[in-house]
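This report concerns only the one structure given below.
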Amino acid sequence: MESYDILANQPVVIDNGSGVIKAGFAGDQIPKYCFPNYLQANPSSRHEHRGLLSVRYPMEHGIVKDWNDMERIWQYVYSKEQLQTFSEEHPVLLTEAPLNPSKNREKAAEIFFETFNVPALFISMQAVLSLYATGRTTGVVLDSGDGVTHVVPIYEGFAIPHSIMRVDIAGRDVSRYLRLLLRKEGYNFNTSAEFEVVRTVKERACYLSLNPQKDETLETEKAQYVLPDGSTLNIGPARFRAPELLFRPDLIGDESSGIHEVLAYAIQKSDMDLRRTLYSTIVLCGGSTLIKGFGERLLTEVKKLAPKDVKIKISAPQERLYSTWIGGSILASLDTFKKMWVSKREYEEDRARPLVYFLQQVDRALSRASPFAAVGVVVGTVYWSAVTYGAVTVMQVVGHKKGLYVMERADPLFLLMGLPTIPVVLVLGKMIRWEDYIGGIAFVLIKGVLKVYFKQQQCFIQANRHILNYPERSADGQTDGGEDDTEDSGNE
């Protein structure tokens, strides 16, 4: 195991959201730092002026698309502006959305262990942590953030895998739809920096209507927003039309179900005995659930889909923007959680297993073929050497006939090393037929490949022995490696 002193250090909790990253130390009530999950052209500029900058997002729909940018953002978490600590000194609890590709998790582990050199790592599902933050262990979590919306039924602290539902419609899609609606009203936001302005407008001015059909017939009160350039933006019906996308993805031609349908379907996929409990313990979390009127609209829609005799209760904690991080802080601070960490040593051992297995198989295959290979090497070496020097002799004879007397006194090895220059001579003097030249080159190449191949066999065998920690014995029978490291060899 890793050093107890390092594992006893306060773990770092990173809620890796598509839109906002929350970071801090386990045991704290709220994250120490929250900042947008994007890179900007001029990092020294103030956050309030982000509308004038060029930005790019490393994550899309909960999945990392640009690992270089993501790594730079994680480096910023440990920087002097944020946690002001060294990554090597603290275990890390990292969150991710459910149903993410396993390669996404593997790459994140690779970066934290090999680049940041963290002593231990644990990757947890965001929805489960959000439920822990409310003090419950059974319920259904609807988490709608910036990149992805998912519904996760949980029983006694464990997610029910076959009931998990996910839809890639979330806050960023609402912002894009709002940008489209504003364009129809005469406001153009084309650049990535201006998209950040649209996102801020959504957070401050948009709301969900209980009866959108009725509101379409009424005159909507316009909201005003001051843009970074000082001009004023007047927002009309787009205020409630944009967030309507969460319940009606068909507005942008998406065939996904609305979040109310996804919620009801996830509960219906759960065991029959749990359904009443899940309907009465619906927990909201994520930034998109902060849109005004979200809870009331969701309750109205779910009542239409749920059985009539079922009691529906939706919990919307005030700190739901940080629910996932708070749950991770609680979990990582428990003494019983220490056995759940994956240490760096365990990671390295797991990474080495495929290489060891491959080298073992190569060693076995070469051992079986070694008698035949030895005969082939002897016969092949004699044959190709004879043919190669024969080809050189032919070149000397041809050169003598053509009047190039230096070739008859030339050393054969020198001629072989000078073969790359022969094409020039061939083109200028047409002394030797192309068949002779190509044949000689082919003989030399094949001979070289055979030598490299069997040299590589010896390297594989030696590497295999070193990985498995086999002691090398000298001629007198003594080991060269000194004392055996029983801990590394797996004898402990």
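A few comments on the model shown:
- Looking across the range 292-303, the residues that are surrounded by fewer than 21 Cβ atoms within 10 Å (Cβ to Cβ) and either among the aliphatic types (A, V, I, L, M) or touching a residue at least 12 places away in the same chain (Cβ under 8 Å) (or both) come down to LYS292, GLY293, GLY295, GLU296, LEU299, THR300, GLU301.
- Hits in the range 253-273 - residues which are in contact with a strand residue (DSSP E or B) (Cβ under 8 Å, 6 or more places away or on another chain), surrounded by 18 or more Cβ atoms within 10 Å (Cβ to Cβ) and part of a helix (DSSP H, G or I): ILE259, VAL262, LEU263, ALA266, ILE267
- Looking across the range 86-130, not a single residue is of a type in the set (Val, Ile, Thr), closer than 14 Å to ALA159 by Cα and in a strand (DSSP E or B).
- Selection from the range 182-209 of residues that are in contact with a Lys or Arg (Cβ under 7 Å, 6 or more places away or on another chain), over 30 Å from SER270 (Cβ atoms) and crowded, with 17+ Cβ neighbours inside 10 Å: PHE189, ALA193, PHE195, GLU196, VAL198, ALA205, CYS206
- Condition met for ASP173 (touching a helix residue (DSSP H, G or I) at 6+ places or on another chain (Cβ under 7 Å) and either assigned by the TED database to the domain that holds VAL13 or of a type in the set (Asp, Glu) (or both)): yes
- Selection count where residues are out of contact with any strand residue (DSSP E or B) (no Cβ under 9 Å at 6 or more places or on another chain), farther than 19 Å from THR300 by Cα and assigned to a loop (DSSP other than H, G, I, E, B), scope the range 226-252: 5
- Qualifying residue in the range 228-247 (condition: of a type in the set (D, E, K, R) and at pLDDT below 90): yes
- Total residues in the range 131-175, condition assigned to a strand (DSSP E or B), in contact with a Ser or Thr (Cβ under 9 Å, 6 or more places away or on another chain), touching a residue at least 40 places away in the same chain (Cβ under 8 Å) and farther than 19 Å from LYS313 by Cα: 4
The values are calculated or read from the model by the stated rules, or taken from the named source; none is laboratory data. A quick note: this is a predicted structure, and the numbers were derived from the prediction, not measured. All Cβ positions, glycine included, derive from the backbone under ideal geometry; neighbour counts span all protein chains shown.
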